Each structure stands twice: as C-alpha cells, then as structure tokens.
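A.B. asks: A single structure is presented below for examination.
The values are calculated or read from the model by the stated rules, or taken from the named source; none is laboratory data. Computed from a prediction, not measured in an experiment: that's the story for all the values here. Neighbour counts run over all protein chains shown; Cβ positions are idealised from the backbone, glycine included.
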Amino acid sequence: MEDLKLKLKQQIIDSLNLQGMKPEEIDDNAPLFGEGLGLDSIDSLELMVLLERNYGIKIEDAREGRKVLSSVQSMAEYIQQNQKA
Amino acid sequence: MADRIVVTSFGVFSALGLEKEVQMEALTGSRSGLQHPRYLNTVHAPEFLMGEVPMSDSDLADFLGLPVGENGYTRTTLLALVAMRELLKDVDKSLLADHQFAFINANTVGGMCSVENMYMDFIGEESEGPFTKYIDTLDCAESTQNVASYFGLKPWMATLSTACSSSANAIILGERLIRQGIVQRAICGGCDAMSRFTVNGFLSLKNVDKEPCKPFDQNRSGLNLGEGAGYLMLERESDAIARGAKIIAVLSGYCNSNDAYHPTAPSPDGAGAYRTMNKALRKAGLEPAQIGYINAHGTATINNDAAEGLAIQRLFGANPPLFSSTKPYTGHTLAAAGAIEAIFSIWGMNDGLAYPNLNFRIPMEELEITPVQTLQSGLEIKHVLSNSFGFGGNNVSLIFSKA
Amino acid sequence: MMKPVYISSACAITPQFSFNPAEFLQPLVSSSDGKLFAAEPDYRQYINPVAIRRMSRLMKMGISSGMRALELAGIKQPDAIITGTGLGSMTDMEHFLKDMIRLNEETLNPTYFIQSTYNSVNGWLAMQTKCTGYNQTFVNRGLSLELSLLDAQLLLQEDEDVHNVLVGAFDEMTPDYFIVKGKVDYWKKSIPASKDVLKYSDTPGTIGGEGTAFFVVSDKPENFVCTIAEVQVDLQPDKELIKTMIRELLQRHSMEPTDIDVLVTGMNGDSQWQPFYDEAVSDFPDSTAVAGFKHLTGEYPTAAGFAFWLATQLFSHQEIPQDVLIKGTSTKSIRNILIINHYILNTVSLSLLRK
C-alpha cells in the first residue's frame, strides 16, 4: 500500500502538472479538492483518466468519482479493491 | 420611436427535419429526433443517442446539387447550405447586394468532421491525394466562405466561435450591425456537424447521458449531442414594411455576458445566468412577468440545470413563465443551438404553444419550479426568452416579441 | 462611419524582441528553416500559478499579453474582452485528436478538449479580471483581429457604459501545422533566411510564424498611443479594386495618399500576392515609407496583430527601424499609418491609424 501511494502521488503530480511538487509534500489524507491541493472538477476528470489508463479502473459517473478521489488514501484503497490486471 | 429590428426569414435544419411543418409536428407530438448515429463512424454509436440529421453526406450533397464523394465540402458546410437555402427560398436576391448585408456564421469545430478522418494523411508521407481538398477546412470560417460562394454572395462576413452560445451571439452581432448602420440586413446563425472529436470531447467530461436526456430532472445525468444549422434574417422594421415582407418576430432584447467563474462550469448559484437574463429583460424594457415562455439552455448536465434553474427561480419567482428545454428533441446542437432554439421559440410564440420538456419525471430538490411537461396550446405569448450558455463562461439570452 | 477609438496600450509576444517595450525589435531574430517561433516571456507574472500548470503554450501567451496590455494601460478590469484567432490552440487540438485516433476513442484527457475551444483564452481572461461584460471570439482566418477591433469600435460607440475593451489575437504554429500547410504550398520550396524572405517575392510561398497581440481600446482620447480611425475588411479581394478601396477609405477621412506617412504592409515574399501589394502601394508617392513585418513574424492568420503593435511603436518612437523599412524614407514625423494586410485564404484588411 505504501509503495502504491508513493507511485500514485507521483502520477498525480505528473498528470496534473503540479510543477515543482514532490510526492512527500502530499499528505495521504489531505483533501485533494476544495482545500488541501485545491484541485477542481477538471482535475478530478484527469484523475479518472489516470485511474483508467494506469490501473484499468473506469469510473463512469463524475459524482462517484469525487468520492473516490477525495484523498490519496481513498484513491489507493479504491485501486486495491478494484484494480484489473 | 427607434426602428425595431425584426426577423423576416429563417432556415432551420435539425434531427427533426427541415421544413417548419415537419419539425413542429415532432415538437408538438413529443417525438424526439434522438437515435444511435447512423452516419458518424464512432465506436460509441451503439451506446449513445444523438440528434443526428437523418441524411448522409452523400444525401446532403445530392440534395444540394453538389458532386457526391470527396468534393471538398465538409458536413458542417453541407448542413449550413441546406438551412441557408431554406432561408433564401423566399428572399429576393436583389436584397442581398454586395457588402450591404452581413452574413454572421458560427460553429465550434469547423470542418473537424472531415479533418479527423484524414488527419493521419495530412501529416503522413504522401503530399498528394484527395485529402488535400480538405486541408484548409478545419477552421470555423470554412463554412462561412463556402456558403457565401455557393450562393454567389459577397456579404460583410464574420465567423464567431463561443462554444454553445455561438449562434445566439451571431444574432446579437447582426442586430448591432444593422442598428449602427453598418449593413442593412443580416443573416445570422450557426452550424455544427457531429464529429468524433466533439463526441469524445464531451465524453471525456463525463457529462453525456446514454439515455435520452432529462433536463431539470433530479436524476438527470448529462446531455445528448446533436447537430444542425439555423439562420434567421434580420432587418429594420421600416425596411421590412416598405418591401411588404412578412414580419415573423421582433428581436426586442438580448444580453451577452461572461460568468467569469470557471472554464466549463457555471457559477453554482446561477449568478451568471441571472445576470444575463436580467440584462436582456432590461434591454427589452420588459418585466419578468411579461415573458410567456422560456426556451432554456437546459442541457441536462448536473451543473447547468442547477445554475439555470436557480437563476430562473430567482429572477421570475416561484411562478415563472412556462419553460422547457428542447434539447431532448434535437440533442445539444452546440454552436447551432442558439439559432435553432431561437427559431423554435418564435414558432411557439406565434402558434401559441409551449413545448413539453421531454423525459422530465422528478423535480430537482434545489428548485421549487418545474418545466412544462405536456404540450400547452392556445396560449397568448407576447414575448419569449431563449438561453444559450457556453464554455468559457460565455452566456447569451435573446428575447423575441410578437410582431 | 464609426467614431474613432483610441489604443491605450499594446503588448505583443512574437518571434522578435517585442514583449518588453524597451527592446523594440533589437537585435533582429532570423531563422533558416522557414519557421519563426515566438519568444516566450515568464508567464508566472501574469497568470495564476495554480491555473498555469495545465495551460497550453498559446493560452499562456494569449493570457499573458492580455494581462500585460491591461497593466500597461493601468486598468485592472476591462469592460469587455474580444479576441480573435485563426486556428486556436493547435497543440491542444492535435493532442486530443491524435490520442483519440491512437486510443480508439477511449480514455481521453478533457483538458486538451476544453483548451482547444476557440474562446478558452477569452474565458480565462474574463475569470482572471472578473470581467462579466461583453465577450466575443472571432475565428475568421486573416480577419480575426480586425473583426475583433471592429466589434470593439462598435461596442464603444453604442454602449455608454463601456470605456475600455481588451482586444487581442493569437495564433500558434506547430510542427504538424507546418507539414500540413506545406502540402497546399503555403511555404517556400527553397527556404531563405527569414529576414530575407521579402527579397524572394518572385517565387511562390512564404514562411510560417506565430504570435499574439493585445490592445486596450478606449473611447476616451486620454493617455492614448494612437487613434483607430477605420478598419475595413474584405474577402476575395480584387487586385484591380484595391487601389479604389484605399482611395475611398482615405477620402472618407478627407485624406490623400500624400497624407500617409507609413504604409505597413503584410507582404510575405509570396509571388502570388506580391502584385496585389505592388498595386496597393502604387498610388502613393515614391517617398512614402513602406514597411513590412512578415519577415519578422512569419505568416499566420492573425499576423496583423504585429502590424498594429508595430504601428503603436512607430507612433511612440517616431522612427522606423531599418529592419522593417522596405522602401521610401522615414524622415517625416509619423502621424498617419495605413496597414494593408492580405492573408493566404483570400482576405484583406485596410486599417487607418492616426496619432
């Protein structure tokens, strides 16, 4: 799980082009949207693309997506539960 | 009193058909034009319904007397040509002298419907082939120039592109050019053809419904895409009367404003939509209660309908005018939507009708108001309001009044 | 005829040293591969750092030059924003399209789609300046900037609450674009140094370029650089008619050809269009200064933006740099400039600017 979270943080940084940010600066449980990193609805869609391309997990509904994407922790847990080979 | 600017001709082409009678039959008969696309070659065709015009490119070319096959005309232009020909049917060409009238066109992705199928040829090894006829067709002005050439016209031309509000903006610009004496008449509107680029673009936003869309419904899950073209001709009322033209409606108010909130989402409390509708009313010198029908933008996305619904409620109160979205009939025709829906609104006003908002079942929790659910007829409607709200925060409201 | 309006400020991001007004095209930038790419400034000064991360090049260029034009005019919030582009963000369009083809229409990035929409730059400028006023985007080939200026002029005339309009244009060149347009003979077959392209006007083709130009246009003659007296647009221009068009435009302003101090022409070294420009300037005295700019910017739909920017600099500096002067002399004071611009897809504009 720790490896997954570290990898995921780097993927988030790359996918959202969070220039200059390092994985260790993203707290596992910090909210990704609203406060915390302050990402927006387009970012949440980009993170869904990340999940699909890297982990084979397709989220159809944008609202469902926001719950899964609330933090790195929630994303990692969802990946572990749903990842396709 | 200032000369009013009036509508004296129109041409509308949508998934419902071409002639007014045919489209009205669908609108009053709750018959949607949405179906799985037959001509757009997308992997998503079996899953998604769209408002595709029921004619292939070959059918359209044939209908227009153009050579069938790779003739250099994109579907965008073909749709525009059909709608324009319909508009010009009863217009004496002598009214359209060089530079004395404006042609204001609008679309969102130009000839992408053709370009996307040839792009790999464009950038590939070969420097010659049928694809070269389409190399200059990507941009939005391609249809504008081709429509003018086809009809042998030399108007003052402009092409706008402001996403979903584009053709509504074209109508405003036409009015302003006439009012300021730059031209005597203006043909304004827009066109957009289905393309995989657009379909996949909206799919990437995850706001497309696989089922027929449900505007203003609590369980709505997004829009259906569509295509089409719509144009109307504007001129001064005094000119129309002088030449004995039938006056179809008066363009009595409008507003173009920007939400300035987010690239794709409206301000959630509907502030942008409220501002636009309110300013349009003030421009028309009307009170909210004087509006008989609102043709909502009503895309059935979570965000739009919440924002627009709240704005209508705030501006018009708990007993607003009859309102509905006609997008369940035609799909969201993007750049053409403003003009197509303006014309639908005018038809409804003149025939005393308010179209039902198809597929509506459950009111939205955040609203006290609900759209028209069954066709209303025998109405006395003096003024109609039509909304078009686009990406980039570009919001437009148009108000037409009975002649 | 519309009332004149006033350019309060101008900002251009171009292949030349232009963004910093003090530089004024020195030293001259030239390329040898037929392409001139814009010199990009530090965007972080002008764009919200959270937003900048997903913006394409053209968006950054457009927004920065718009914000800088406002800054130079001392205005925080314009009353309206009007933009023009010929092809919009090609980078985003190409990215989305090629992914769509490569991935067979599955799992695509929404950012590229959204940013490929032509009015996305306008939308961002409105968000950053919280401008809820009139906003419009023209996508009309070689007239996109001129139509934007015309719309601004119309708006300033008709709406008494509108005093300052941000008007701008932007276009970019991508490697794909260069390849594609090469197949319909846009470019020179034998490529000269860009600074010399105008000397090769006996062969077809030109060179490719890109850039942005933004202006604050106002209805008040206060702290302004110059007046826009008239912008005239035309499609399918006739070589035979251009002289008449110019004469009639000047007559509308009670002017003769001898009143024009500088002709800023969009000559681009293409033998197809050189006769058109030769005809256009033939009514003017031999001593009239004739300037060109497409050897500095390359050809692109909204290259006229550079011409307008250049005109503001000529009015401010009251001298014509040697690198832009094609013929004539520049000893007189510069009070009246006529911009004559033609674009490949058969559009022409005439713009009269006065001090």
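A.B. asks: Can you name every residue in region C:128-182 that is within 16 Å of the chain's Cα centre (by Cα) and either surrounded by fewer than 22 Cβ atoms within 10 Å (Cβ to Cβ) or under 30 Å from B:Gly124 (Cβ atoms) (or both)? Walk me through it before giving the result.
C.D. replies: We begin by selecting, within region C:128-182, every residue within 16 Å of the chain's Cα centre (by Cα); these are C:137-152, C:166-173.
Within region C:128-182, C:Val139, C:Asn140, C:Arg141, C:Gly142, C:Ser144, C:Phe170, C:Asp171, C:Glu172, C:Met173 qualify.
A.B. asks: Could you name every one of the helices (runs of 4 or more DSSP H) located completely within chain A that has at least 3 residues being basic (Lys, Arg)? Lay out the reasoning, then the answer.
C.D. replies: On the way: elements: A:2-15, A:41-55, A:62-68, A:72-82.
By residue number, A:2-15, A:62-68.
A.B. asks: Of all residues being part of a loop (DSSP other than H, G, I, E, B) and touching a Ser or Thr at 6+ places or on another chain (Cβ under 9 Å) in region B:43-62, which is farthest from C:Thr107 (Cα to Cα)? Just the residue, please.
C.D. replies: Quick first cut of region B:43-62, residues part of a loop (DSSP other than H, G, I, E, B) only: B:43-49, B:52-56.
Remaining after also requiring touching a Ser or Thr at 6+ places or on another chain (Cβ under 9 Å): B:48-49, B:53.
Details: B:Phe48: 16, B:Leu49: 19, B:Val53: 27 Å.
Ranking the candidates gives B:Val53 first.
A.B. asks: Which one is nearest to C:Asp151 (Cα to Cα) among residues in region C:29-60 that are at pLDDT 95 or above and touching an Asp or Glu at 6+ places or on another chain (Cβ under 6 Å)?
C.D. replies: Checked region C:29-60; the qualifying residue nearest to C:Asp151 (Cα to Cα) is C:Leu58.
A.B. asks: I'd like to know if region B:63-73 contains one or more residues that are under 27 Å from B:Leu358 (Cβ atoms), part of a loop (DSSP other than H, G, I, E, B) and not small (Gly, Ala, Ser).
C.D. replies: Keep residues of region B:63-73 that are under 27 Å from B:Leu358 (Cβ atoms), which gives none.
No, that holds for no residue.
A.B. asks: Checking C:Ser254 against (1) farther than 27 Å from B:Met157 by Cβ; (2) outside the structural domain of C:Leu145 (by TED's automatic domain parsing); (3) under 19 Å from the mean Cα position of the chain (by Cα), only one condition comes out false. Which one?
C.D. replies: (3)
A.B. asks: Ok, one more. Go through region B:220-330 and tell me which helices (runs of 4 or more DSSP H), entirely inside it, have 3 or more residues that are at pLDDT 95 or above and surrounded by fewer than 24 Cβ atoms within 10 Å (Cβ to Cβ).
C.D. replies: Numbers: elements: B:237-242, B:271-284, B:302-316, B:327-330.
By residue number, B:237-242, B:271-284, B:302-316.
A.B. asks: List every residue pair whose Cβ atoms sit under 6 Å apart, with the two residues 6 or more apart in sequence or on different chains, where the first one lies in region A:49-76 and is facing another protein chain (nearest Cβ under 8 Å) and under 25 Å from C:Met100 (Cα atoms) and the second, anywhere, is among the polar types (S, T, N, Q) and in a helix (DSSP H, G or I).
C.D. replies: Cβ pairs passing all conditions: A:Gly65/A:Ser44.
A.B. asks: Sort out which residues of region C:115-168 are closer than 30 Å to A:Lys58 by Cβ and in contact with a Lys or Arg (Cβ under 9 Å, 6 or more places away or on another chain), and write them in order of number.
C.D. replies: Residue satisfying the conditions is C:Gln115 alone.
A.B. asks: Looking at B:Ala260, B:Ala265 in this structure, which one is in contact with a Gly (Cβ under 7 Å, 6 or more places away or on another chain) and within 14 Å of chain C (Cβ to nearest Cβ)?
C.D. replies: Working: B:Ala265 fails: in contact with a Gly (Cβ under 7 Å, 6 or more places away or on another chain).
One residue alone meets the criteria, B:Ala260.
A.B. asks: Test each condition in (1) of a type outside the set (S, T, N, Q); (2) in a loop (DSSP other than H, G, I, E, B); (3) within 14 Å of chain C (Cβ to nearest Cβ) for B:Gly338 and report the one that comes out false.
C.D. replies: (2)
A.B. asks: Still on this structure, please answer the following. Mind checking which strands (runs of 3 or more DSSP E) fall wholly inside region C:286-355 and carry at least 3 residues that are assigned by TED's automatic domain parsing to the domain that holds C:Ile242, surrounded by fewer than 21 Cβ atoms within 10 Å (Cβ to Cβ) and not hydroxyl-bearing (Ser, Thr, Tyr)? Steps first, answer last, please.
C.D. replies: Details: elements: C:289-292, C:325-327, C:336-343, C:347-354.
It comes to C:325-327.
A.B. asks: Among the residues of region B:365-385, how many are in contact with a Phe, Trp or Tyr (Cβ under 6 Å, 6 or more places away or on another chain) and under 20 Å from B:Thr301 (Cα atoms)?
C.D. replies: Taking region B:365-385 and keeping what is in contact with a Phe, Trp or Tyr (Cβ under 6 Å, 6 or more places away or on another chain), we get B:371, B:373, B:381, B:384.
Filter again for under 20 Å from B:Thr301 (Cα atoms), leaving B:371, B:373.
Going through region B:365-385 one residue at a time, the tally reaches 2.
A.B. asks: Report every pair of residues separated by at least 6 positions or lying on different chains whose Cβ atoms are under 7 Å apart, first residue within region C:24-39 and within 12 Å of C:Gln322 (Cβ to Cβ), second among the aromatic types (Phe, Trp, Tyr).
C.D. replies: C:Leu25/C:Phe17; C:Gln26/C:Phe17
A.B. asks: For B:Gly348, state whether it is outside any helix (DSSP H, G or I) and under 25 Å from B:Cys188 (Cβ atoms).
C.D. replies: Numbers: outside any helix (DSSP H, G or I): no; under 25 Å from B:Cys188 (Cβ atoms): yes.
No, not satisfied.
A.B. asks: OK, next. If you go through region C:108-115 one residue at a time, do you hit one that is under 30 Å from B:Glu116 (Cα atoms) and aliphatic (A, V, I, L, M)? I'd like the intermediate steps shown before the answer.
C.D. replies: The first filter runs over region C:108-115 and keeps only residues under 30 Å from B:Glu116 (Cα atoms), leaving C:108-115.
The next check asks that each one be aliphatic (A, V, I, L, M); those that pass are C:108, C:114.
Yes.
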